[in-house]
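One structure below.
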């Protein structure tokens, strides 16, 4: 079975698709991952075929990050031609044809490529986004509303793709030759089938979801052969487990100030600290006997070796910390991050989320509160370890393709 795995976005949007491809390859299938060209190196160590897609949109996002609304609005004017460029590249992927397509909604073209090729497709969703429920509001809703309108809030998913809908519609007609029957992607995804790729221990299926929407578990990509730098290994060996802080690409207004706050908080809590600067979330030149600064390290290697993980609440980091059995402190920034921060607190593996610009004593208190949750974190990790989201996804894809 030939499977096209189509994704777009950040590393957190691509890496789970590489994990799924690895599972498909192990099951004897022929997966191809198509994603931003900058992430081709993620697939290479596992022998997975990778088709690079234009990533100028990501370059533009990097350029305007943290520069305010004016820069974002100016950049938005340049996005539509870039979207068309990505869609045109996607269109070339159905010759020679796959048997099934699994797509990330950010890739925009997935369901229409399947429509053109006359093959089945399904969305691979890393967060609840399109299947509505009355149990909770849409995770990307930027404001809190009364629970009575929970189900109505799920319409916001359609608004996310709306700015690009005219581009997609025109491309579908001009390139794919599909002139009639256009339906927005949000409508197609909600009609199913979908793969909800998170742990049911973190977020069980609401009672009003159809069985095909039940979460199946995280898509985890084991680290390829990786040896820690000597300075990292030595730091971990020289004392008790430190706290870890990393915010990935979430660059706030003052990454240096945030780093200084974390260092002060760790010292107030009597802990050493590892700071991962990532893509600009933290910036610091400070290193000392009790502080180590790194760019990044595989979470599945590092997090089991720390006492607490402080992060932004991205689902990839959430998954890694849950699997590591480490208690968490979350300072969410945007999108679905506040939703996952709240879920972690409800699950009993994190104190209430930090908000705004927390001061060092507040962060230190959160570290102390998180350490009290270590037993719960370990118990949840044991449950999550019994799940195999990749294997379940492979089974569902096989079933869909056989119909």
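The values are calculated or read from the model by the stated rules, or taken from the named source; none is laboratory data. On a predicted model such as this, the values are computed, not experimentally measured, just so you know. Virtual Cβ from ideal backbone geometry, glycine too; neighbours counted across all protein chains shown.
For segment 188-208, a residue qualifies if it is modelled with pLDDT under 95, within 22 Å of the chain's Cα centre (by Cα) and surrounded by fewer than 16 Cβ atoms within 10 Å (Cβ to Cβ), and exactly one does: 192. Determine, yes or no, whether residue 86 is under 22 Å from the mean Cα position of the chain (by Cα), assigned by TED's automatic domain parsing to the domain that holds residue 189, assigned to a strand (DSSP E or B) and within 22 Å of residue 11 (Cα to Cα). Answer is no for this residue.
The condition of being out of contact with any strand residue (DSSP E or B) (no Cβ under 7 Å at 6 or more places or on another chain), assigned to a loop (DSSP other than H, G, I, E, B) and closer than 17 Å to residue 102 by Cβ holds for only one of 127, 141, that being 127. Of the residues making up segment 214-228, those that are surrounded by 18 or more Cβ atoms within 10 Å (Cβ to Cβ) and part of a loop (DSSP other than H, G, I, E, B) number 6. In the condition set (1) surrounded by fewer than 16 Cβ atoms within 10 Å (Cβ to Cβ); (2) at pLDDT 95 or above, residue 211 is compliant with all but (2). Against the condition touching a helix residue (DSSP H, G or I) at 6+ places or on another chain (Cβ under 7 Å), without any contact (Cβ under 8 Å) to a residue 60 or more places away in the chain and not assigned by TED's automatic domain parsing to the domain that holds residue 321, how does residue 184 come out, does it pass? Yes, satisfied.
Conditions tested, residue by residue: (1) surrounded by fewer than 17 Cβ atoms within 10 Å (Cβ to Cβ); (2) in contact (Cβ under 8 Å) with a residue 24 or more places away in the chain; (3) within 22 Å of residue 371 (Cα to Cα).
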| site | (1), (2), (3) |
| --- | --- |
| 246 | no, yes, yes |
| 253 | yes, yes, no |
| 262 | no, yes, yes |
| 270 | yes, no, yes |
| 295 | yes, no, no |
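If you go through segment 318-331 and keep only what is surrounded by fewer than 24 Cβ atoms within 10 Å (Cβ to Cβ) and in contact with a strand residue (DSSP E or B) (Cβ under 9 Å, 6 or more places away or on another chain), you end up with 320, 324. When restricted to residues that are surrounded by 15 or more Cβ atoms within 10 Å (Cβ to Cβ), in contact with a helix residue (DSSP H, G or I) (Cβ under 6 Å, 6 or more places away or on another chain) and outside any helix (DSSP H, G or I), segment 150-181 contains 3.
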